[in-house]
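Working notes, structure below.
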Amino acid sequence: MLQTWLLRIGVCLLKKPRFRKWAELEDKKYDVIKAVEQVAPNLPDILYAYLSSALRVRPKDYNSVYWKDIMYAFSMIHRVTVPEVSLPLVSRHSEKKNEKDPWDYSGRLWFFYSNIIASAYGWTVEQIAELPVNTALAYLQEILTEQQLEREFVWSTSEIAYPYNKQTKKSKFSPLHRPYWMLPDMDVKKKVPAIPKSLLPVGNVVKIDVKAQKIVSE
């Protein structure tokens with residue numbers, strides 16, 4: 001019972017983490033998700049490691065805590081740590097299977113993100129670590145966007161960007177592929193503009209299909 005109360009106190013004391021802590025938690029959350037997908041036998045240990053990293057007050061023995069309390073704590077940590085800013089970089093997801101690079105390692109996310117920001121702005125690791133999550137992610141998107149646009153410009157000046165078509169006997173520009181978060185959102189439905197009242201016909205409007213049905217029935 002004491003361990004359960006320690007867990008609940010830890011959940012109550014949750015607060016939004018700074019950038020480094022958030023990145024470390026995201027790495028551990030990814031490990032939890034992969035363990036669930038693979039039905040890994042060490043799933044409880046991976047989940048306990050995630051909780052221990054997020055909570056300031058935590059149980060010494062998770063095995064004596066009810067599973068429903070464990071899952072409640074997991075969901076609350078996710079709710080508190082999820083970014084509030086709606087950026088394409090984090091809100092959109094690639095259609096390709098989300099697999100890590102062969103050279104990846106556990107805990108790399110923080111070093112990967114901090115290296116990008118430090119290289120662009122020259123800030124120290126300590127300064128980057130204490131950034132608000134929403135601010136850091138916005139900086140990341142701007143940096144990555146600028147890098148992509150620079151690559152596109154260099155690409156447009158090369159001969160490779162203009163492949164020759166044997167059928168048309170002409171060269172046509174082939175744009176550089178953009179990452180998924182820079183592509184247009186295909187799920188957004190285009191709003192059909194309303195017809196101005198001044199362009200609507202005068203008088204009663206008769207639906208042709210309804211009138212045709214009446215004629216056929218007669």
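What follows draws every value from the coordinates through simple rules; no lab data is involved. All figures in this text were calculated on a predicted structure; none of them were measured in a lab. FYI the Cβ positions are ideal-geometry reconstructions off the backbone, even for glycines, and counts take in every protein chain you see.
Placing R0 at 35 angstrom, the Cβ-Cβ distance between residue 61 and residue 101 gives a FRET efficiency of 0.45 after rounding to 0.05. 3J(HN,Hα) along segment 11-18, derived from phi through the Karplus expression 6.51 cos²θ - 1.76 cosθ + 1.60 where θ = phi - 60°, amounts to 5, 5, 8, 4, 9, 5, x, 7 Hz, with x in place of Gly and Pro.
The convex hull built on the alpha-carbon positions of segment 51-121 has an orientation-averaged projected area of 7.8 nm². Volume per residue of the convex hull around the Cα atoms, evaluated for segment 1-154, comes out as 137 Å³. For segment 42-129, GluC sites (Glu not before Pro) are listed when DSSP marks them as loop and at most 12 other Cβ atoms sit within 10 Å of their Cβ; the list is 84, 95, 99. Taking 7 Å along the Cα-to-C-beta vector as the label spot, tell me the residue 36-residue 127 distance in nanometres, rounded to one decimal. Inter-label distance under the simple model: 3.8 nm.
Magnitude of the Cβ-charge dipole of segment 110-186, K/R +1 and D/E -1, about the Cα centre, nearest 20 debye?
780
Note that segment 61-72 has calculated 3J(HN,Hα) couplings of 9, 6, 5, 9, 9, 4, 4, 5, 5, 5, 5, 5 Hz, one per residue in order, obtained from phi through the Karplus relation 6.51 cos²θ - 1.76 cosθ + 1.60 (θ = phi - 60°); glycine and proline are x. In the structure shown, the pairs 34/100; 16/100; 28/100; 29/100 are assessed against 20 Å; a Cα-Cα span above that value is assigned to 16/100.
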